[in-house]
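The values are calculated or read from the model by the stated rules, or taken from the named source; none is laboratory data. These figures come from a predicted structure and were not determined experimentally. For neighbour counting, all protein chains shown are included, and Cβ atoms are generated from backbone atoms with ideal geometry for every residue, glycine included.
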Amino acid sequence: MIDMKYEITYLDLDHTLLEFESAEENALRLLFNDYDRKLTEGECELYKEISEKWWDLLDTGRCKKDEILVGRFREYFDRLNVKENPDVASQRYLELLSEQGITIAGAIDFLEEMRDRGQRMAAITNGVEFVQLRRIEIAGLSVYLDFVVTSERAGFTKPHPGIFHYASELSGIPIDKSVYIGDSLKTDWAGAKNAGMPFILLDLFAKEPSNNGVQVARSYEELLELLF
């Protein structure tokens, strides 16, 4: 029997298992196809900058999720002088995004190896629930995950420790016998730390200039070595 350090591994979704940048751009371009407008690369980058700024408001507790989902489109449309309804656009964009189930190269092989070794797995995400559940289904990830905890389901958003305690209650596994894998120090590491849960930073795309002394894996192979 393979010796496991942890009884369950919790995984973030975007930038950890699911590719987000191309999914986001695909959904945005499809949305603007509805308006008979082709976006430039610069206009796509502008949306990403605005969206990241609004998500940061959520992560720091300064804004609620429903406010950011529409607020980012209101600001984006103002910048582009687009005369469309941001509430309608936000819902349409989320529907389009929910069809973008693109896995990161190597993610499925990693999950297969984890399952073969008998490791229990579940996901914890701040993403919109119906979007993430649909993307998981399309990507074929549901067969590997015991359950998915969204911030909507838990009633807490990372980095609040409540979302991790909620996951622990669902799994029946104590916090200290679990581990969380994510790509962000600001939300994933901070949240796991707040909850007292061990954490490994999966920095596949060299996004984090400093690791703050936490364990870091630069590939799925390195991650497996840290988990077993």
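Details
- Hits in segment 1-38 - residues which are free of Cβ contacts under 8 Å to residues at least 40 places away in the same chain and either among the small types (G, A, S) or in contact with a Leu (Cβ under 7 Å, 6 or more places away or on another chain) (or both): R29, F32
- The set of residues from segment 73-103 being in a helix (DSSP H, G or I) and either polar (S, T, N, Q) or on the phi > 0 side of the Ramachandran plot (or both) comprises S90, Q91.
- Tally, over segment 1-24, of residues that are surrounded by fewer than 13 Cβ atoms within 10 Å (Cβ to Cβ) and part of a loop (DSSP other than H, G, I, E, B): 4
- Unique match (being more than 23 Å from N194 (Cα to Cα), not in a loop (DSSP other than H, G, I, E, B) and not small (G, A, S)) among L141, L111, L170: L111
- Within segment 25-52, considering residues that are part of a helix (DSSP H, G or I) and either in the same structural domain as G127 (by TED's automatic domain parsing) or of a type in the set (F, W, Y) (or both), the one nearest to K177 (Cα to Cα): Y47
- Filter pass, L58 being touching a Ser or Thr at 6+ places or on another chain (Cβ under 8 Å), within 21 Å of E152 (Cβ to Cβ) and surrounded by 13 or more Cβ atoms within 10 Å (Cβ to Cβ): yes
- Within segment 169-194, tally of residues that are free of Cβ contacts under 8 Å to residues at least 40 places away in the same chain and either crowded, with 22+ Cβ neighbours inside 10 Å or within 17 Å of L227 (Cβ to Cβ) (or both): 5
- When G106 is tested against (1) of a type outside the set (A, V, I, L, M); (2) without any contact (Cβ under 8 Å) to a residue 60 or more places away in the chain; (3) at positive phi, just one condition goes unmet, and that condition is (2).
- Selection over segment 61-72 of residues that are in a helix (DSSP H, G or I) and farther than 14 Å from C44 by Cβ gives a count of 7.
- Annotation: of all residues in segment 150-168 being β-branched (V, I, T) and free of Cβ contacts under 8 Å to residues at least 40 places away in the same chain, the one that is surrounded by the fewest Cβ atoms within 10 Å (Cβ to Cβ) is T150.
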